[in-house]
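These notes concern the structure reproduced below.
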Amino acid sequence: VKRQAADGSLGVSATQDAPHWPTGIAVLAWALAPRYSPYSAATHPFREPIVNALKWIFSLKGKPAPQSPELGHDTTLVGWPWVESTHTWLEPTALYLLALKATGQHAHTRAREAVKVLLDRQIPCGGCNYGNTFVLGQELRPHVEPSGLALWALGNVPDPTGKLAKSIDFVVRQTSAETSTVSLAYALFGLATQQRFPAQAQEWLAQALARSEKRERSAYRLALVALAALGEKCPMIQLAQEESAS
């Protein structure tokens, strides 16, 4: 809250006030605070910061571009960029969609278009990357972390095209005890939301965290592991499922 600017946005650190992509993550944290604290939904102290942040979020739009045969995705769909005045990309769009779901804005037109963006950016073979599917006719490779994030944000969204089923299968195949800590956590967020949480998840998380802490201790990785270990009981996962169902 102390780092929120007058326009509602948040920068990446105390000394760097731009770009503003952490704003969506802050909203997600503020909105979920009552589930982790004594505050009630009516009395918790983050209502005003959330309102101000949402105004900024709705003002931010990815820059559309003319449709090009060289790119495999719909360049006219508008989600969110990493940096203002740039193109829509998958990961920021997923994070802002989660923030909107957390604040009851899942039916907003921006949220509905974000769903279209995330479905459009699924790679035909399954999974996704930073947001491209084809470049110059070459199908690109999917990655575990953004694939898990997209599955988490999409919740139980109906998908008659079968794209999500392929992406779920990709994440299931690529997730194991050898997966890096951050990728594993996001994969488990996505699989839990899609009700495919693996039975070996706790063991994998313990091994991944032990490996990473041999190099350096990280509050970020520890937090991801703690949340991922909750599986379908994690409030963030329940939120994505509830809003999708409604």
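The values are calculated or read from the model by the stated rules, or taken from the named source; none is laboratory data. Since this is a predicted model, take the numbers as computed values, not measurements. Cβ coordinates were reconstructed from backbone atoms using ideal geometry, including for glycine residues, and neighbour counts include every protein chain displayed. Areas reflect the complete protein model, heavy atoms only, side chains present, ligands, DNA and RNA absent. Shrake-Rupley method; radii C 1.70, N 1.55, O 1.52, S 1.80 Å.
How much of the calculated P(r) for the chain lies past 27 Å, in percent of all Cα pairs? Please list the in-between numbers first.
Working: 10736 of 30135 pairs.
Cα-Cα pairs in the chain separated by more than 27 Å: 36 percent.
Based on Cβ point charges of +1 for Lys and Arg and -1 for Asp and Glu, what charge dipole magnitude is obtained for segment 138-223 about its Cα centre, in debye rounded to the nearest 20?
Working: 10 positive and 8 negative charges, 27 e Å.
It comes to approximately 140 debye.
Take the alpha-carbon centre of segment 40-69, take the same for segment 85-132, and report the distance between them in whole Å.
For segment 40-69 versus segment 85-132, the Cα centre distance is 13 Å.
Could you provide, to the nearest whole Å², the per residue accessible area of segment 173-239 with probe 1.4 Å? Walk me through the numbers before you get to the answer.
On the way: 3410 Å² over 67 residues.
Solvent-accessible surface per residue comes out at 51 Å².
When the label point is put 7 Å from the Cα of D74 along its Cα-to-beta-carbon vector, which residues of segment 117-144 have a backbone N closer than 12 Å?
117-122
Treat every Asp and Glu Cβ in the chain as -1 and every Lys and Arg Cβ as +1, leave all other atoms uncharged, and give the resulting dipole magnitude about the Cα centre to the nearest 20 debye.
340
Can you put E178, E203, E113 in order of accessible area, largest first, using a 1.4 Å probe?
Working: E178 145, E203 110, E113 60 Å².
Listed by decreasing accessible area, they come as E178, E203, E113.
For the peptides 145-158, 22-35, what is the packing order when you average, over each peptide's residues, the other Cβ atoms within 10 Å and list the highest mean first?
Values: 145-158: 23.3, 22-35: 19.9.
So the peptides 145-158, 22-35, ranked by packing, come out 145-158, 22-35.
Sort 96-107, 223-234 for me by packing, meaning the mean count of neighbouring Cβ atoms within 10 Å per residue, highest on top. Each step should come with its number before you reach the end.
On the way: 96-107: 22.2, 223-234: 17.1.
So the order, starting with the most tightly packed, is 96-107, 223-234.
Residues of segment 4-27 with amide nitrogen under 14 Å from the 7 Å Cα-to-Cβ point of K55?
5-10
Pop out the carbon and sulfur fraction of the accessible area of segment 54-148 as a percent, whole number, probe 1.4 Å.
Working: 2370 of 4060 Å².
So the carbon and sulfur contribution to the accessible surface is 59 percent.
Restricting to Cα pairs below 8 Å that are 6+ residues apart, what does the relative contact order work out to for the chain? Please round to a whole percent. Write out the running numbers ahead of the final one.
Numbers: 418 pairs, mean separation 36.9, N = 246.
Reported as a whole number, the value is 15 percent.
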